[in-house]
Every structure is written in C-alpha cells, then in structure tokens.
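The values are calculated or read from the model by the stated rules, or taken from the named source; none is laboratory data. Treat the numbers as computed from the prediction; the structure is a model and nothing was measured. Here Cβ is always computed from backbone atoms with ideal geometry, including for glycine, and neighbour counts include all displayed protein chains. Just so you know, the surface numbers come from the protein's heavy atoms only, side chains and all, with ligands and any DNA or RNA stripped out. Shrake-Rupley method; radii C 1.70, N 1.55, O 1.52, S 1.80 Å.
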Amino acid sequence: MPRASRQPGESTGEYVKRKAGAYLALTKPRVIELLLVSTFPTMIFAQRGFPPVWLMISTLVGGAMAAGASGAFNCYIDRDMDKLMKRTKGRPLVTGDLTPKEALIFSWALAIASLVVLWVGTNPLTTALGLAAILLYVVFYTMILKRRTAQNIVWGGIAGCMPVLIAWAAVKETVEWPAVILFLVIFLWTPPHYWPLSMKYADDYNAASVPMLGAIANARRVSVQVVLYAWATVVCSLLLVPLGHAGIVYTAIAGGAGIWFIYESHVLYREAQGDHKPAVVNRKAMKVFHISITYLSIVFLALAIDPFVGNPLFG
C-alpha cells in the first residue's frame, strides 16, 4: 500500500503525526530558520528598537510561510532529481509519505496564505516582495537556473536575500541603502556557503545532472571562488558602518567574525591546493559550510544588538 495512505496496523494518531511531519519536511524548516535569523534582526535595526508586536508577528509568520511554500514547490518540481540523490532520499515525495498532488495543493495553499498574512499585517510593498521571493526561488532558480548553469546558486540565491528587504519594507514601508547592503551581504555569502556543501555531495549532484560548481569543478578552482566570495562578503558587511548607521557593537563583532570566516576559507584553499585526499578536502569544505552559517548568525545577532548600545560611528 502506498505510504501516502494509512498503513495496515497504523493508528489514526500515528497516521496524522506521520502526515503532519511529511508536510513540515516539505517546507524545508532548516532553511526557514536561517531566513528568520536575518529577518528579525533587520526589523530591529530598521526600527532602531523593537517594532510593534503585531508587525513582527505578521512579518515573521508571513515570511516563514512564503519560504515554506517555496521549499514545498521546490520539492514538488525536483522530485525526480531527489530520487537520485542520497542527500534528499528522505524527502516526503521520495519516501511516498505524500503524493505529488498533495504536495502541490499544499504549496499553493501555503503560498496564498503567506501573501494574505503579509497583506493584512504589513503593507503592499512587503507583500509584493514576498511574492517576488517565491517567484525567484520557484521559477527563476528551481525551474530555470538549477539544471542549466554552474552559476545557479549565485543568481538563484537572490531569493534567499529577499527576507532582509521584506523586513526593512515592513518597518519602513520603503527600501533604503542599509537594506540593500544586507541584501548584498547574503547574496555574496551564498556561494561560499553552498559550494563547499556541493563539494561534499558532488556524486549526488552529478548523478542528478545538476551542474553545481562544487560538483563539476575541481577543488582548487572551487576553493579560489570560496575565498574571493568570503572576502567580498566581509567587506560588504562592513559597508553598513559608513552607509548604514551601524555602531561599535556591529563593527567589532562583524569584523571579528569576518576574519574567522576568511581564515577558514583560506584553510580550505590551502588544503585544496595540496595533494590531499578528496575526503580530507571535503571535511574542510564541510567545516567552512558550517562556519558560514555561524558567521551569518553572528553578524545578524550583532545587527540586532547594535541599536541598543552606543551610537552610529558615522552620522
């Protein structure tokens, strides 16, 4: 019997729990967590304090739903590819816990609900940016770029940058230079975050014919790109000091975390240039992958604390 249906001997409670877990997995909750890490601090920085509670709830819930809908559409579209990759073999459309029809209906419902939440709780600009984020991830990245170019994650990563614009627009009802800088930080951070992961899972991507740079290029070339993008990310993050009214807390913490991120990227570069076994290089690559997440979290934590301590260093 298909797993999407109730299994023999499975209680009603067990069935409901399994289906609920499958729908949750479809939204890629870990990605949602990372997006919320950038959304909430951006709202605080834009407000120079805590925004109204209802605005925060509407933005965070609507944004999380939009991200979840995007992830669900992605799982639906890539279900053929996910069957070929060990990393994605546990996704609900591969295991059969959900049917494609169930996934598609859920994706549409969640997308529409997210826009309703943003429309009611924020403003038209924020809602439009939420819609743009969904379209960028589902159409621009998943349907157009992902299977066609090694630069897929660079330009497709624009969708992952949208939460900071959404957050800023929710508070200010416009998009200003600090939001643009934060957008660029995430844009530049995405390749050195994701390419090390694709180095680790190169066999998976090659089996699915997905031209991720980390899978189709050698480690030496990828490590050079990781270093260059890491430097660009850190430099861009510090532009928030002269152009975004950041203070000493953000400057010190973002600068310190940036040095760490750059250092570990150079360590990966050094290992990739040597005659080390692929397994050794892949371990270093995964270390950079995890450090990149910590780095971005630290930067946005500093962003949230900064308005409450001291004054902007410029202006």
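Scanning region 66-94 for residues that are open to solvent by 50 Å² or more (accessible area, probe 1.4 Å) and not charged (D, E, K, R), we see that the one that is modelled with the highest pLDDT is Y76. Looking at region 40-56, is at least one residue within 17 Å of the chain's Cα centre (by Cα) and either in the same structural domain as H245 (by the TED database) or open to solvent by less than 20 Å² (accessible area, probe 1.4 Å) (or both)? Checked against the condition, which is being within 17 Å of the chain's Cα centre (by Cα) and either in the same structural domain as H245 (by the TED database) or open to solvent by less than 20 Å² (accessible area, probe 1.4 Å) (or both), region 40-56 yields at least one hit. For region 107-124, the set of residues classified as open to solvent by 50 Å² or more (accessible area, probe 1.4 Å) and within 23 Å of K17 (Cβ to Cβ) consists of A109 only.
Filtered by the rule that a residue be among the small types (G, A, S) and modelled with pLDDT under 90, region 189-230 gives S198, A202, A207, A208, S209, G214, A215, A217, A219. Summed over region 211-260, residues that are farther than 30 Å from D306 by Cβ and surrounded by 21 or more Cβ atoms within 10 Å (Cβ to Cβ) total 7. Comparison of T127, T142, T149 shows that the only residue that is out of contact with any Gly (no Cβ under 6 Å at 6 or more places or on another chain) and not in a helix (DSSP H, G or I) is T149.
The rows are residues; the columns are (1) in contact with a Leu (Cβ under 8 Å, 6 or more places away or on another chain); (2) open to solvent by less than 40 Å² (accessible area, probe 1.4 Å).
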| site | (1), (2) |
| --- | --- |
| R270 | no, no |
| P278 | no, no |
| N282 | no, yes |
| I293 | yes, no |
| I298 | no, no |
| F308 | no, no |
